[in-house]
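Heads up, the thing below is written out as structure tokens.
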Amino acid sequence: MDLKIFSTLPILLLLYLLDCGSAQSPPPRGCESSLESVYFNLCDLNAVWGVVLEAIAAVGIVITLILIVVLLCIIPFIQDKRKKASVAIQWIFLNSTLGIFGLTFAFIIKFDQRTCPTRLFLWGVLFSISFSCLLAHAWRLQRLVRTGEGPSTCKMIGLVLVLTLVQVIIAVEYLVLTTVRLNNVCSYENKDFVMLLIYVMFLMALTFILSTFTFCGHYRKWKKHGAHIFVTMFFSIAIWVVWIVMFVRGNAELNKSPDWDDPTLSIALVANGWVFILFYILPELRHITCPAKKEDDPPENIASSQRNPGLKGVDNQVFFLEESNRGIALNFEDNLHSPSYRGPSPMGRNVYSSPQEFTIPRPHTRPSYHPTPLLQDPYLNYHNRQTTF
């Protein structure tokens, strides 16, 4: 019996040493020994995808913070009130973009019980905020290009909150039901993660379709803002199609799942965040402070001219008649003070009631009358008629 115990001691000791050696394996190149293994992708120089994406996301966070400050500082310099009404939506959009860049670190860190709820909840909520802001802005631009007036800021903010609340309810319900049913919120498949984002895809499609209607209207200066949303949504949809195909089927067919799953999602987050900045925020900040051009008529002037297209012609005719009548009156006054003037003849009594009180006859339109610079004088040959009688 003692011999058996002594014979098994070396085996137990060897197993213990192997277990300790595996537990105390050296960290990868670039990481400290005191760092937990879940954070190795942040500093592992052998797997550089984490370090590269970390750097790109950090630059995106810094740029977004700068843009938030710039947007708040240029508010007093925005001259057009209709452009100033969209500042609140763009500020919310910048904050959601900042969250998207920050969420990238949750996918660079290895998947565990702490990062799993963050991934499931924030991905859909942050993108729903971003696409809801773009949808509200596209709705406002669609009204501006047609009528010159758009919905108020409160209506757009209310629309963003309502659309985002739907995704919040979906994410919370999924987390609660999964926790109660499986007692483990992180036991899900890749297709379940994609199914959780169906509502976000609906917002993307609706925003893209609505942005196409911003190109139809009389107010052309608002169409360039609609073009920003159109291009942003086009590239966002392309990014989503690629990462969904790779995440659901591509990585598995290449035998790279789950090793490539986190890099795929991280790349999608960083790429979509930079699309938001380059194709929407920067062009909007450039055009939002531009003063209105002189040829851009105010909405009320254009609306009145559309309602009364012949108003300008009527004004010109009235001015022409007034000038003609004034010329006739001056001509009559010159004749009145001339030495050859002998007073009104008997035939003129049907025109003048008395020598002191008289009226100037108004010219009447005849079939052969055409408004020309040489207007016929109603007192032409007046003296000839007088000498006849």
Taking the conditions exactly as written (touching a residue at least 12 places away in the same chain (Cβ under 8 Å) and farther than 27 Å from A205 by Cα), does L135 satisfy them or not? no
Give me the helices (runs of 4 or more DSSP H) completely within the stretch 95-197, filtered to those with at least 3 residues that are of a type in the set (S, T, N, Q) and under 29 Å from L278 (Cβ atoms), ordered by residue number. 115-147, 153-182
Has the stretch 72-86 got at least one residue that is part of a helix (DSSP H, G or I) and either among the polar types (S, T, N, Q) or under 29 Å from S187 (Cα atoms) (or both)? no
Scan of the stretch 242-267 for residues that are of a type in the set (A, V, I, L, M, F, W, C) and either in contact (Cβ under 8 Å) with a residue 24 or more places away in the chain or under 19 Å from D192 (Cβ atoms) (or both), ordered by number: V242, W243, I244, V245, M246, F247, V248, A252, W260, L265, I267
Per the filter on the stretch 144-170, residues among the hydroxyl-bearing types (S, T, Y) and either modelled with pLDDT of 95 or more or surrounded by fewer than 14 Cβ atoms within 10 Å (Cβ to Cβ) (or both) are S152, T164
Answer with yes or no whether H225 is crowded, with 21+ Cβ neighbours inside 10 Å, over 27 Å from I267 (Cα atoms), at pLDDT below 95 and not hydrophobic (A, V, I, L, M, F, W, C). yes
When the stretch 245-287 is examined, which residues are found to be among the hydrophobic types (A, V, I, L, M, F, W, C), under 21 Å from V200 (Cα atoms) and over 25 Å from the mean Cα position of the chain (by Cα)? V245, M246, F247, V248, L265
Set L122, L141, L135: member being touching a His at 6+ places or on another chain (Cβ under 8 Å), at pLDDT 90 or above and not acidic (D, E): L141
Of the conditions (1) surrounded by 15 or more Cβ atoms within 10 Å (Cβ to Cβ); (2) touching a residue at least 40 places away in the same chain (Cβ under 8 Å), the single one that Q113 does not satisfy is (1)
With under 30 Å from R286 (Cβ atoms) and surrounded by fewer than 16 Cβ atoms within 10 Å (Cβ to Cβ) as the only criterion, which of C133, C73 stands out? C73
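The values are calculated or read from the model by the stated rules, or taken from the named source; none is laboratory data. Predicted model, so just to flag it, every value in this text is computed and none were measured. With ideal geometry, Cβ positions are generated from the backbone for all residues, glycine too; neighbour counts draw on all protein chains shown.
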